[in-house]
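Structure record follows, encoded as structure tokens.
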Amino acid sequence: MKIFVTDREGNKYTLEGDSGDTLMEVIRDNSLDIEAACGGCCACATCHVYIEDEWLEKLSARDDDEESMLDQAFDVKNTSRLSCQISLTDDLDGLKLELATE
Amino acid sequence: MNEKTDVIIIGAGPVGLFAIFELGLLNISCHVIDNLDKPGGQCAELYPEKPIYDIPSRVNITGQELTNDLLAQAKPFKPVYHLSQQVEKISKLESDDWLVETNFNKKIQAKCIVIAAGAGSFVARKIPLDNISDIEDKKILYAVRNKSQFQDKDLLIVGGGDSALDWTNELSKISNVTLIHRRKEFKAAPDSVSKMLKLEKDKKINFSLGQIKEVENLQNGKIKVVVKNEDIIKEHEVDFLLPFFGLKMELGPISTWGLNLDENLIKVDTEKFETSIPSIFAIGDINTYPGKLKLILSGFHEAALMAQKCFKYCYPDKKNIFRYTTSSKDLQKKLKAI
């Protein structure tokens, strides 16, 4: 499935992901600039992304862990998510997102 | 006088702790330096309560349990820990020993250096705004070192964790404190949260919801902090801004030591895990080589092989006889097992 990513400079990328991958893994393994310091266990906030509005409702809501970790992020919006907490499913094919400020 | 040891380990994460053990079996003594105030590295700081499932023989173990067990395993070798400080500088002495200096002016001399620094040192996460570097560490403080400078001043504290709440409660005694957090829920200890809420109710502090948007240095010596909550913008004019956004990791001074690096990782060989500078080793997540996997168990293996080469530097005239802990009386004596 395809994931559309806009980086902090406004460059656009089309990434290929598989069902079951996390969003962070797809972004990281395509060598885009995402730190993901803790490796995906929701223990830092360095895989922060903004999900495009129309895709938000397709995602399950943030859990307590993710909400707490977002306290350490800068410029948190309603569309903010930690990408390590989003597992890809077939209905997310075409998902659009933006990388947040580090 | 400098303190003296055989090996200095930089980083007290799981791999650094296991290196104490592997070196200890070969009669090599260690000092360990870490920027955190406790051993364990990421395991203790980032995920103390989270389970790890791929430590051989441990079906599951939390980050903190692993740390505790590694500390216990290393204990017979009497390692010396230097915590809450970062290695700033290394240099070679005439005796061919290394001299390692920390930001607390501690000087330690050793034959080898083992870098087991994971993803780097934990440092405060800073505000990612371009125009504030002039006032950082002056009017924007990421840690409190000298409380008295806040006497009767206007402070803006930002965050919802223990640091933010503890300092709000403490500094409210001597300063005019406003606390900003992005939501009504706090991650801090419940006791600190209720103390803060009581202070707010008694009008001893102000609390408002929001996030920092901009910071500006004013002519009158104060700083203007623009805070946004949903669509409401509020400006705060204060003497000090104290943001507490947790910790992040960065390579720090290690990148200036002249080691061969590959994208912030230290290149090593896979026989001895030695860097491009002889007698400096790198093990665990901080190193790279063809096929590297960033797993704790890889770091354990690297520690064992590194120790073999360290022995040659520490005891150039001695023969290293390979022994098993199961059969060697000598090793068991060292481990206090017999």
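The values are calculated or read from the model by the stated rules, or taken from the named source; none is laboratory data. Just so it is clear, the structure is predicted and the values come from calculations on it, not from any experiment. Virtual Cβ from ideal backbone geometry, glycine too; neighbours counted across all protein chains shown.
For segment B:151-173, the candidate set comprises residues that are touching a Ser or Thr at 6+ places or on another chain (Cβ under 8 Å) and aliphatic (A, V, I, L, M); within that set, the residue that is farthest from the other protein chains (Cβ to nearest Cβ) is B:155.
With respect to the numbered conditions (1) modelled with pLDDT of 95 or more; (2) over 13 Å from the mean Cα position of the chain (by Cα), which one is the sole condition not fulfilled by residue A:49? Residue A:49 satisfies all of (1) modelled with pLDDT of 95 or more; (2) over 13 Å from the mean Cα position of the chain (by Cα) except (2).
Put simply, of B:219, B:211 the only residue that is free of Cβ contacts under 8 Å to residues at least 24 places away in the same chain, of a type in the set (S, T, N, Q) and not assigned by TED's automatic domain parsing to the domain that holds residue B:35 is B:219. Hey, among B:92, B:78, B:50, which residue is surrounded by fewer than 21 Cβ atoms within 10 Å (Cβ to Cβ), under 30 Å from residue B:107 (Cβ atoms) and without any contact (Cβ under 8 Å) to a residue 24 or more places away in the chain? Sole residue among the options that is surrounded by fewer than 21 Cβ atoms within 10 Å (Cβ to Cβ), under 30 Å from residue B:107 (Cβ atoms) and without any contact (Cβ under 8 Å) to a residue 24 or more places away in the chain: B:92. From the list B:127, B:113, B:135, the one residue that fits, being farther than 30 Å from residue B:3 by Cβ and more than 14 Å from chain A (Cβ to nearest Cβ), is B:135.
Among residues of segment B:32-46 that are away from chain A (no Cβ under 14 Å), those with a Cβ under 6 angstrom from a residue that is hydroxyl-bearing (Ser, Thr, Tyr), sequence gap 6+ or separate chain, pair up as B:32/B:81; B:35/B:121; B:37/B:84. Looking across segment B:78-100, just one residue is among the polar types (S, T, N, Q) and in a strand (DSSP E or B), and that is B:91. Within segment A:34-54, the residues that satisfy the criterion of being out of contact with any Gly (no Cβ under 8 Å at 6 or more places or on another chain) and more than 12 Å from every other protein chain (Cβ to nearest Cβ) are A:34, A:49, A:50, A:51, A:52, A:53, A:54. Only one of the numbered conditions (1) touching a Lys or Arg at 6+ places or on another chain (Cβ under 9 Å); (2) in a strand (DSSP E or B); (3) outside the structural domain of residue B:163 (by TED's automatic domain parsing) is not met by residue B:276, and that is (2).
Comparison of A:60, A:68, A:31 shows that the only residue that is in a helix (DSSP H, G or I) and either of a type in the set (D, E, K, R) or free of Cβ contacts under 8 Å to residues at least 12 places away in the same chain (or both) is A:68. Residue B:188 meets all of the listed conditions (1) part of a loop (DSSP other than H, G, I, E, B); (2) aliphatic (A, V, I, L, M); (3) outside the structural domain of residue B:87 (by TED's automatic domain parsing); (4) at pLDDT 95 or above but one, namely (4).
Yes or no, residue by residue, for (1) within 14 Å of chain A (Cβ to nearest Cβ); (2) outside any loop (DSSP other than H, G, I, E, B); (3) among the aromatic types (Phe, Trp, Tyr); (4) within 28 Å of residue A:101 (Cα to Cα):
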| position | (1), (2), (3), (4) |
| --- | --- |
| B:213 | yes, yes, no, yes |
| B:216 | no, yes, no, yes |
| B:224 | no, yes, no, yes |
| B:245 | yes, no, yes, yes |
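Looking at segment B:277-293, is at least one residue more than 29 Å from residue B:13 (Cα to Cα) and in contact (Cβ under 8 Å) with a residue 40 or more places away in the chain? No, segment B:277-293 contains no residue that is more than 29 Å from residue B:13 (Cα to Cα) and in contact (Cβ under 8 Å) with a residue 40 or more places away in the chain. Just one residue in the set B:108, B:157 is within 21 Å of residue B:220 (Cα to Cα), touching a strand residue (DSSP E or B) at 6+ places or on another chain (Cβ under 6 Å) and β-branched (Val, Ile, Thr); that residue is B:157. For first residues located in segment B:178-193 and within 11 Å of chain A (Cβ to nearest Cβ) and farther than 12 Å from residue B:244 by Cβ, partners that are in a helix (DSSP H, G or I) and of a type in the set (Lys, Arg) and lie 6+ apart or on another chain with Cβ distances below 8 Å do not occur. Just name the residue that is surrounded by the most Cβ atoms within 10 Å (Cβ to Cβ) out of those in segment B:101-114 that are in a strand (DSSP E or B) and in contact with a helix residue (DSSP H, G or I) (Cβ under 6 Å, 6 or more places away or on another chain). The residue in question is B:114. Candidates are the residues of segment B:115-150 that are part of a strand (DSSP E or B) and closer than 24 Å to residue B:177 by Cβ; the one that is modelled with the lowest pLDDT is B:124.
Yes or no, residue by residue, for (1) surrounded by 15 or more Cβ atoms within 10 Å (Cβ to Cβ); (2) closer than 24 Å to residue B:78 by Cα:
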{"site": "B:230", "(1), (2)": "no, no"}
{"site": "B:240", "(1), (2)": "yes, no"}
{"site": "B:247", "(1), (2)": "yes, no"}
{"site": "B:268", "(1), (2)": "yes, no"}
{"site": "B:291", "(1), (2)": "no, no"}
{"site": "B:304", "(1), (2)": "yes, yes"}
{"site": "B:311", "(1), (2)": "yes, yes"}
{"site": "B:319", "(1), (2)": "no, yes"}
